[in-house]
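The values are calculated or read from the model by the stated rules, or taken from the named source; none is laboratory data. Bear in mind the structure is a predicted one, so any value in this text is a computation, not a measurement. Here the Cβ positions follow ideal geometry from the backbone for every residue, glycine too, while neighbour counts run over all protein chains shown. These area figures cover heavy atoms from the full protein model, side chains too; ligands, DNA and RNA do not enter into them. Shrake-Rupley method; radii C 1.70, N 1.55, O 1.52, S 1.80 Å.
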Amino acid sequence: MSPRSIHVVALAILALAPVALPAQGRPYTEGSVWDITMVRTTDGMTDDYLRSLGTTWRRTLDEAKKQGLVLSYRVLATGTSGPDDWDLLLMVEYKNWAAFDGLADKMDPIQRKVIGTEDQTRELMTKRLVVRHILGDKTGQELLLK
């Protein structure tokens, strides 16, 4: 290899190598992780849906909170801006991303205790189809600005 070729290869390697920048730090600290479900309730059925959540969802999450599986939960209500918009956000707060490891196995006994058998859970979910439509679900980490 000629000296010129070696020089070109060395420059290419330097160009592709990551540049070490002085640590400036992030303008935020990482907070808790939120699982957010966007719900559109059927016209006139919001109170019915919220009553149902109060008897099962709330009790399930209260127990999960006691066991340290979740930090908190919230329901936000809004108006809608169109027929495909949500009017309720169901939000569950977790300590961090690691909280999701094995979470289903930990939540199943709580749900069985609160709701009952798989058939009872299926029946409840089927009834909820009449009063709400889930438009989507997102999970994201809260960023606390410095």
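Exactly one condition in (1) at pLDDT 95 or above; (2) part of a helix (DSSP H, G or I); (3) touching a Ser or Thr at 6+ places or on another chain (Cβ under 9 Å) is false for Tyr49; which is it?
Of (1) at pLDDT 95 or above; (2) part of a helix (DSSP H, G or I); (3) touching a Ser or Thr at 6+ places or on another chain (Cβ under 9 Å), only one is false for Tyr49: (1).
In the list Thr78, Thr121, which residue meets the criterion of being of a type outside the set (Lys, Arg), open to solvent by less than 60 Å² (accessible area, probe 1.4 Å) and under 21 Å from Val39 (Cβ atoms)?
Answer to the selection: Thr121.
What are the residues in region 81-93 that are part of a loop (DSSP other than H, G, I, E, B), open to solvent by less than 50 Å² (accessible area, probe 1.4 Å) and hydrophobic (A, V, I, L, M, F, W, C), if any?
Selection gives nothing.
Out of the residues in region 32-74 that are under 19 Å from Val130 (Cβ atoms) and aliphatic (A, V, I, L, M), which is surrounded by the fewest Cβ atoms within 10 Å (Cβ to Cβ)?
Met45
Find the residue count for region 98-146, including only residues that are within 29 Å of Asp48 (Cα to Cα), modelled with pLDDT of 90 or more and small (Gly, Ala, Ser).
Final tally of qualifying residues: 3.
With the condition kept exactly as written, say whether any residue in region 95-105 is out of contact with any strand residue (DSSP E or B) (no Cβ under 9 Å at 6 or more places or on another chain), open to solvent by 50 Å² or more (accessible area, probe 1.4 Å) and closer than 23 Å to Arg132 by Cβ.
Yes.
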